[in-house]
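Here's the structure, in structure tokens; my notes come after.
A short reminder: the numbers here are calculations on the coordinates, not readings from a lab. It should be emphasised that the depicted structure is a prediction, and the values quoted were computed from it without experimental measurement. Methodologically, a virtual Cβ is constructed for each residue, glycine included, from the backbone with ideal geometry; neighbour enumeration extends over all protein chains shown.
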Amino acid sequence: MIKTISKVGNSQGVIFDSALMELARLKVGDAVDVVVHDSGAITLTPLRPVITPERAKEVAEDVIRDYNEVFRRLS
């Protein structure tokens, strides 16, 4: 995929169209790690949390529900 560097305000940037965002599973506001290699190649790597707070809550609720009797006896 070829992109052109464009003027964005006082800076320059590459516009990610919706198809590219979808392919990379990115959304506005996502953090990416930017690495500039010795060859001049630039790599963008999405920084995704290992587990979201919502998923952590779901797992904790499942554990509490599954082991409710054990927790009751330990308290």
| query | Tell me, Kirkwood radius of the chain from alpha-carbon pair distances, in Å? | reply | 16.7
| field | Extension reserve of the Lys57-Arg25 stretch, reckoned as 0.36 nm per residue once the Cα distance is removed | value | 9.2 nm
| For the chain, with only Lys/Arg (+1) and Asp/Glu (-1) charged at the beta-carbon, what is the dipole magnitude about the Cα centre, in debye rounded to 20? | 120
| query | What residues have an amide H closer than 5 Å to that of Val32, excluding those fewer than 5 places away on the same chain, when H is modeled at 1.01 Å from N in the peptide plane? | reply | Leu47
| note | Dipole check, the chain, charges on Cβ (K,R +1; D,E -1), about Cα centroid: among Met21, Val59, Ile5 the Cα furthest to the positive pole belongs to Ile5
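Multiply the residue gap between Ser39 and Ile15 by 0.36 nm, knock off their C-alpha separation, and tell me the result in nm, one decimal place. The partial results should precede the final answer.
Values: separation 24, 0.36 × 24 = 8.64 nm, distance 2.27 nm.
Once the chain is fully extended between Ser39 and Ile15, it gains 6.4 nm.
Grab the Cα-Cα distance for Asp66 and Thr4, subtract it from 0.36 nm times how many residues apart they are, and report the gain in nm with one decimal.
Details: separation 62, 0.36 × 62 = 22.32 nm, distance 5.39 nm.
Working it through step by step, the gained length comes to 16.9 nm.
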| query | Expressed as an acute angle from 0 to 90° and rounded to the nearest 10, what is the orientation of the C-alpha long axis of helix 53-66 relative to the principal long axis of the chain? | reply | 20
| Relative contact order computed over the chain (Cα-Cα under 8 Å; 6+ residues apart), in percent | 14
